1. Determine whether residue 22 is within 11 Å of the ligand (Cβ to nearest atom), in a loop (DSSP other than H, G, I, E, B) and touching a residue at least 40 places away in the same chain (Cβ under 8 Å).
2. Against the definition (farther than 30 Å from residue 285 by Cβ, of a type in the set (D, E, K, R), assigned to a helix (DSSP H, G or I) and open to solvent by less than 40 Å² (accessible area, probe 1.4 Å)), how does residue 101 come out, yes or no?
3. Report yes if some residue within the stretch 268-282 is in contact with a Phe, Trp or Tyr (Cβ under 7 Å, 6 or more places away or on another chain), in a loop (DSSP other than H, G, I, E, B) and not hydroxyl-bearing (Ser, Thr, Tyr); otherwise report no.
4. State which residue pairs qualify: first residue at pLDDT 95 or above and inside the stretch 303-315, second residue surrounded by fewer than 19 Cβ atoms within 10 Å (Cβ to Cβ) and outside any helix (DSSP H, G or I) in any location, beta carbons under 9 Å apart, and separation of 6 or more residues or different chains.
5. Being open to solvent by 20 Å² or more (accessible area, probe 1.4 Å) and closer than 18 Å to residue 71 by Cα is the filter here; which residues of the stretch 34-55 pass it?
6. Go through (1) small (Gly, Ala, Ser); (2) open to solvent by 60 Å² or more (accessible area, probe 1.4 Å); (3) touching a strand residue (DSSP E or B) at 6+ places or on another chain (Cβ under 7 Å) and name the single condition residue 17 misses.
7. What are the residue pairs meeting all of these: first residue in the stretch 221-233, first residue in contact (Cβ under 8 Å) with a residue 60 or more places away in the chain, second residue not in a helix (DSSP H, G or I), Cβ atoms under 7 Å, and 6 or more apart or on different chains?
8. Any residue at all in the stretch 124-133 that's more than 20 Å from residue 100 (Cβ to Cβ) and modelled with pLDDT of 95 or more?
Amino acid sequence: MRRIFSGIKPTGLLHLGNYLGAIKQWVELQNKVDESIFCVVDLHAITALRPENLSENILKIAAWYLACGIDLEKSKIFVQSMRPEHAELTWILNCFSTMGELNRMTQYKEKSEGKKDSVSVGLFDYPILMAADILLYSATDVPVGEDQKQHVELARDLAIRFNNIYAKSGSGSRDIFTIPEPIIDAGVRRIKALDNPLKKMEKSSASALNYIALDDSPDEIRKKIQRAVTDSSDEIVAREDKPAMTNLLNIFSGVSGRDIKSLELDYRGKNYGEFKKDLAEEIILFLKPKQKKFKEIFADKEKLRQILTDGSESVAPIAKEMLGKVKKAIGLGI
Ligand code: AQP
């Protein structure tokens, strides 16, 4: 039985990077596995920031999942904080993890750089919450970007450690946790920020010029692409010494379905202005049907809340059973 688990944190508006790097792959994977669970991971959203409009962003992200093609016949969607088992299993797994392991997490090192003593304990503990998300549902496959691979490896280590301890104690609970595999699709695009092609596009950026949000209007898209950073020479090719053009070509290819080589051929001898104009129109065309669907779904918030409540109730038996097994193996409770 193959079960996928993945999620996005509602720290801001979903952007093209989130679509091309995550949701597009989820939509394809939901047809290939037995079960898919997609979560809006709101507990993760408060580890480093105090996101504005958190509650509304949670609903928006859920609406985008549906508008982009997550199919409720095949997949379950819910909000992390609606299931208390995530926080409870996090505490238990905390007691099976070491400071050394968490100190080695690259994302923690990057996000805490220069402010080690003032970052939240939650940021340090982020990988354990992620391990709890994955292990609670016995996920076999976890689609993630390269930057999250280390966290899935930690979840694997914790699962193996826990299984080994409780097998040794003779409780007969060898395989409490399923060992998850990270799925890192080589075809998945890593999208860089429009205002800095050396950094990734990110929704919590202070500048809206960093990203194309999925709900940006045509005028905003034209303006942002027009103002996107370019490289020094006026040549439309994807090359290591041209990170800005490589990123723009990558986005063009992602939204149009055309390969980068054919785009390079089409734009040979043309200038950045023409290329950017076409790119903006291609993004607008690509987002238009998704935005239409999003608006319809988001207009009925009561229905959306019901979908998330139903989703939470439908995953509850899996989460409760797993937490029950874990507590029983340890001997917690009476
Ligand atoms: N720029 C990107 N290119 C490709 N994929 C991306 N993802 C995020 N940014 C890009 C993928 O989207 C999923 C959502 O991840 P997340 O919200 O849990 O955290 P993140 O990776 O930290 O995303 P953001 O948008 O950059 O959020 P903030 O600004 O809050 O840190 C993941 O699968 C990720 O790989």
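1. Against the criterion (within 11 Å of the ligand (Cβ to nearest atom), in a loop (DSSP other than H, G, I, E, B) and touching a residue at least 40 places away in the same chain (Cβ under 8 Å)), residue 22 does not qualify.
2. Judged against the criteria, residue 101 is a match.
3. no
4. Close Cβ pairs satisfying both conditions: 307/72; 310/72; 311/72.
5. 34, 35
6. The single condition residue 17 does not satisfy is (2).
7. 221/212
8. Within the stretch 124-133, one or more residues are more than 20 Å from residue 100 (Cβ to Cβ) and modelled with pLDDT of 95 or more.
The values are calculated or read from the model by the stated rules, or taken from the named source; none is laboratory data. No experiment lies behind these values; they were computed from the predicted model shown. All Cβ positions, glycine included, derive from the backbone under ideal geometry; neighbour counts span all protein chains shown. When the accessible area is computed, the model is the full protein with side chains, heavy atoms only, and any ligands, DNA or RNA have been set aside. Shrake-Rupley method; radii C 1.70, N 1.55, O 1.52, S 1.80 Å.
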